[in-house]
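Notes follow the structure.
The values are calculated or read from the model by the stated rules, or taken from the named source; none is laboratory data. If you're wondering where the values come from, they're calculated on a predicted model, not measured in any experiment. Counting neighbours? That spans all protein chains shown, and the Cβs are built from the backbone with ideal geometry, glycine included. Keep in mind that these areas ignore ligands, DNA and RNA; they rest on the heavy atoms of the full protein, side chains included. Shrake-Rupley method; radii C 1.70, N 1.55, O 1.52, S 1.80 Å.
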Amino acid sequence: MEATQPRKKVSTRARVQAFGGFLTNMVLPNIGAFIAWGIVTALFIPTGWFPNKALNELVSPTIKFLLPLLLAYTGGRMLGGHRGGVLGTIGTIGLIIGADIPMFLGAMIIGPLGGWVMKKTDKFLENKIPAGFEMIVNNFSIGIIGFLLMILSYLVIGPTIQGANNFVKDAIEALVKTGFLPLLSLINEPAKVLFLNNVIDQGVYYPLGMQQTLEHGKSIYFMVASNPGPGLGLLLAYSVFGKKAAKRTAPGAIIIHFLGGIHEMYFPYVLMKPLTIIAMILGGMSGILTFQLFGAGLVAVPSPGSIFAYLALTPKGNFLGVIAGVTVATIVSFVVTSLILKTDHSEEAEDQFEESVQKSKEMKSEGKDLLTDKNAQTSLEGLTSLNKISFACDAGMGSSAMGATTFRRKLEKAGVKNVEVKNYRIEDVPEDSDIVVVHKDLAERTKKAHLNMKIITLDSYLQDPKIDQLADEVKKTHQAN
């Protein structure tokens, strides 16, 4: 019998990170809808590229109704399945009707609340419903609770959330008016490296940005934390003045960070030389200041934070300011990081960068550990059919997308065709998948979502011996057939 492991004390940082991860899982699946609204806004509002009075009518209802309801349904579904999503949406419509502002923050509260209430209600009713009465009890339970939640949201919760929203909005706008908005980089940049930025982005900047866009057709709030310039400058400095593994890997990280928008690629470089956080802060500040000077903004959330997303969501007359802000941030970060690296004469071990990468992974997974378990046992044994392989992660976009792309290239080089390799959010993995590939910290969550599915766990989506082993197994299977 295995000895019981002492319960690990959970840090405040991990709790905040886990909360931010939950918000991210609620927002990211709906980013496409936000971008669609941003494109409509950029094109058809009176100051847009092609002003159109009729099509401009789409702007206000979409941001007031569609987007918050999507968030609410997603949040409710995450906790209570489809019924939880429906209940969360019912409660959120009460917020929307009773508020004068887009209720994004409210949707991210009431949606999950509805899911949780539905989950608890269904558990309470389990095995207590007489045979033949299942449908009427299920329908009326969600109907009655939904009615109560809708009224409560309209009369009490909505006004409270709107008051809190207005307080935060007034505080941020005060920073804008006094010219101190760049000071937000003192919070943003360290938070990003510590994987805490999602709480700020999804909870503050994105809702305020959508409100400002509705009023002015663009918002600087979308750029105060997502600017790819500081990270680009840091990685360029490592490419020129770095040492050993850090210097060798930096050019590849630039492509994934700046073009792909995966900012976490530069986090290990900062952790390896903590003093470089100064370069990130100064780069972020200079970028925000430049955006302010040019009056620049974006029309929607640039997710992921790629330069392509920035340019695609830049409204008419703002390209110079957006490009200038990214460029200035890059230059400042590059110069400061270069000075730090050139004046650092300490010896750098070959494995120092790998240690920083591992530290970054551990920090990222610490918050996930609050919701997952690491007891799932997986192997490559017993695989017979390998025609549909699914890579999965929290939101189904960042890590799993890179992993799926890398694996497809391995199969192509091996001459293997007709194998479907796609990336998904864990709960959205198709049940007919032959195998699902996830990070080891997500194994238990995947096991709970897909009880009978074969699971392969990795230490890294990009570099792990099991990736090569799986590719070999796929090759052997297809050669045998």
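Taken as a whole, the condition of being part of a helix (DSSP H, G or I) and modelled with pLDDT under 90 does not apply to Leu113. Residues that are among the aromatic types (Phe, Trp, Tyr) and buried (at least 23 other Cβ atoms within 10 Å of the Cβ) within the stretch 279-294 comprise just one, Phe291. One residue stands out in the stretch 425-443 among those that are closer than 21 Å to Leu28 by Cα and open to solvent by 40 Å² or more (accessible area, probe 1.4 Å): the one that is modelled with the highest pLDDT, namely Asp428.
Of the candidates Ser185, Ser226, the single residue that is of a type in the set (Ser, Thr, Tyr) and more than 27 Å from Ser60 (Cα to Cα) is Ser185. The residue of the stretch 163-199 that is surrounded by the fewest Cβ atoms within 10 Å (Cβ to Cβ), among those that are among the polar types (S, T, N, Q) and modelled with pLDDT under 85, is Thr178.
Take the conditions (1) without any contact (Cβ under 8 Å) to a residue 60 or more places away in the chain; (2) touching a helix residue (DSSP H, G or I) at 6+ places or on another chain (Cβ under 7 Å); (3) of a type in the set (D, E, K, R); Lys273 misses just one of them, which is (1). Against the condition open to solvent by less than 10 Å² (accessible area, probe 1.4 Å), under 14 Å from Gly233 (Cβ atoms) and among the small types (Gly, Ala, Ser), how does Ala329 come out, does it pass? Yes; evaluated as a whole, the condition is true for this residue. Restricting attention to the stretch 209-230, the residues that are hydrophobic (A, V, I, L, M, F, W, C), open to solvent by 10 Å² or more (accessible area, probe 1.4 Å) and in a helix (DSSP H, G or I) total 1. Count of the stretch 246-264 residues, restricted to those that are closer than 18 Å to Met280 by Cβ, without any contact (Cβ under 8 Å) to a residue 40 or more places away in the chain and within 22 Å of the chain's Cα centre (by Cα), is 3. Taken together, the residues in the stretch 61-93 that are touching a Ser or Thr at 6+ places or on another chain (Cβ under 6 Å) and either among the β-branched types (Val, Ile, Thr) or open to solvent by 50 Å² or more (accessible area, probe 1.4 Å) (or both) amount to 1. Output the residue which, of all residues in the stretch 444-466 that are closer than 11 Å to Ile426 by Cβ and part of a loop (DSSP other than H, G, I, E, B), is most open to solvent (accessible area, probe 1.4 Å). Filtering first and then ranking leaves Met453. Checking Pro130, Pro159 one by one, the residue that is touching a helix residue (DSSP H, G or I) at 6+ places or on another chain (Cβ under 9 Å) and part of a helix (DSSP H, G or I) is Pro159 and no other. Leu69 meets the conditions (1) within 23 Å of the chain's Cα centre (by Cα); (2) assigned to a loop (DSSP other than H, G, I, E, B) in every case but one. The failed one is (2). Tallying residues that are among the aliphatic types (A, V, I, L, M) and closer than 15 Å to Thr290 by Cα within the stretch 176-225 yields 8.
A count restricted to the stretch 262-297 and to residues that are hydrophobic (A, V, I, L, M, F, W, C), outside any helix (DSSP H, G or I) and modelled with pLDDT of 85 or more stands at 1. Looking only at the stretch 257-278, filter to residues that are open to solvent by less than 50 Å² (accessible area, probe 1.4 Å) and hydrophobic (A, V, I, L, M, F, W, C); which one of those is nearest to Asn188 (Cα to Cα)? Ranking the candidates gives Ile277 first. Would the stretch 356-369 turn up any residue that is touching a Gly at 6+ places or on another chain (Cβ under 8 Å), at pLDDT 90 or above and in a helix (DSSP H, G or I)? So far as the stretch 356-369 goes, no, none of its residues is touching a Gly at 6+ places or on another chain (Cβ under 8 Å), at pLDDT 90 or above and in a helix (DSSP H, G or I).
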